[in-house]
Amino acid sequence: MTHASNAGHYTLGEFTVNRMGYGAMQLAGPHVFGPPRDRDQALAVLRATVELGINHIDTSDFYGPHVTNQLIREALHPYRDELVIVTKIGARRGKDGSWLPAQSPADLQSAVHDNLRNLGLEAMDVVNLRLMFDVAGPAEGDIEPHMTALAQLQQQGLVRHIGLSNATAAQVAQARRIAPIVCVQNQYNLAHRKDDALITQLAADGIAYVPFFPLGGFSPLQSSTLEEVAAEYGATPLQTALAWLLQRSPNILVIAGTSSPDHLRQNVAAADLKLSAPSIAALDSIA
């Protein structure tokens, strides 16, 4: 059984985490709304993460809402000392499950307290500010009021480290003028590579890049090239896509999500898959 540490390590502020992490979004119900289809299986997945050596779990209180964090607390609290829990704030869910901005200072403060309460924590290890100028992807906009509010929560001891999500390079630069940034979480995968230059810059500055939808999100990556390369290694296409991410840059932290213990083990096994230079070149051509 592959251990998550086989993927190597990277830093998140004061913490050192295995580069193979876990994204908890899929533990909530359909469309990340409501309770899970199988609560016992959701708890089993979470317990399997730590057994496999995963010490970086990505979550948010707007998954469910509240559902995912409550599951994490039930499955894993009291938490192991080495476990780093990263959350996101800046959005809320409508009664119809829609994703709505929640970015005022009061909204951000309330969201931090919601995360702390539902996770059973006194301080969050890392809080990512999820920017909502465009729900579909990064869009320019002034983030000084948001960052100032989050920096104040950090000064109060409620937040240890700050990250950004759904951010442009200009917004990352603006945020870093207000407070240290330990990670950036944007959509990135074999077929969606708009952040190539940003990843390189962050790596030079020692900042983690955490791709969400590393396997394509709600529509898994499909490519004949990906299938052919995977077949060469006796791996699944999704394992191959994860291995490509791990080899793309040393500052990339993978947080592939699943609600299945078997799929979790398959994802972690990608830590042992080492792609050759010709294989990486073939995969690079997908974008």
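The values are calculated or read from the model by the stated rules, or taken from the named source; none is laboratory data. Because the structure is a prediction, the values reported are computed rather than measured. No Cβ is skipped: glycine too gets one built from the backbone with ideal geometry, and neighbour counts run over all protein chains shown. Only protein heavy atoms, including side chains, enter the accessible area calculation; ligands, DNA and RNA are left aside. Shrake-Rupley method; radii C 1.70, N 1.55, O 1.52, S 1.80 Å.
Quick notes on this one:
- Against the main long axis of the alpha-carbon atoms of the chain, helix 67-76 sits at an angle near 70°.
- Dipole magnitude of region 41-200 about its Cα centre (Cβ charges: Lys, Arg +1; Asp, Glu -1), debye to nearest 20: 100 debye
- Label-zone membership for region 12-33, site ALA151, 7 angstrom Cα→C-beta point, backbone N under 19 Å: 13-14
- 1.4 Å probe accessible area per residue over the chain, in Å²: 42 Å²
- Dipole of the chain, positive end: most advanced residue of ALA7, GLY21, THR240 [Cβ charges, Cα centre]: GLY21
- Of all DSSP bridge pairs formed entirely within region 105-219, close to 5 percent run antiparallel.
- Equivalent ellipsoid, region 1-142 (semi-axes from 5 times Cα gyration tensor eigenvalues, Å): 25, 18, 14
- Among GLY94, GLY53, GLY141, residue whose mean-square fluctuation peaks in a GNM of the chain (springs only between Cα atoms under 10 Å): GLY94
- Across every pair of non-identical alpha carbons in the chain, the mean reciprocal distance, once inverted, gives a Kirkwood radius of 18.9 Å.
- Here the accessible area is traced with a 1.4 Å probe on the protein chains. For the chain, carbon and sulfur cover 50 percent of it.
- Tilt relative to the chain, helix 237-248 - C-alpha long axis, 0 to 90 degrees, to 10: 70 degrees
- Cα centroid separation, region 148-206 to region 1-74 (Å): 21 Å
- Helix 144-155 vs. the chain, principal-axis angle (Cα, 0 to 90°, nearest 10): 80 degrees
- In this Cβ point-charge picture (+1 for Lys and Arg, -1 for Asp and Glu), the chain has a dipole of about 260 debye about its Cα centre.
- Highest mobility in the GNM of the chain, judged by mean-square fluctuation with C-alpha springs under 10 Å and restricted to VAL126, VAL45, VAL135, is found for VAL135.
- Ratio of the Cα radius of gyration of region 149-218 to 2.2 N^0.38 Å, where N counts its residues: 1.18
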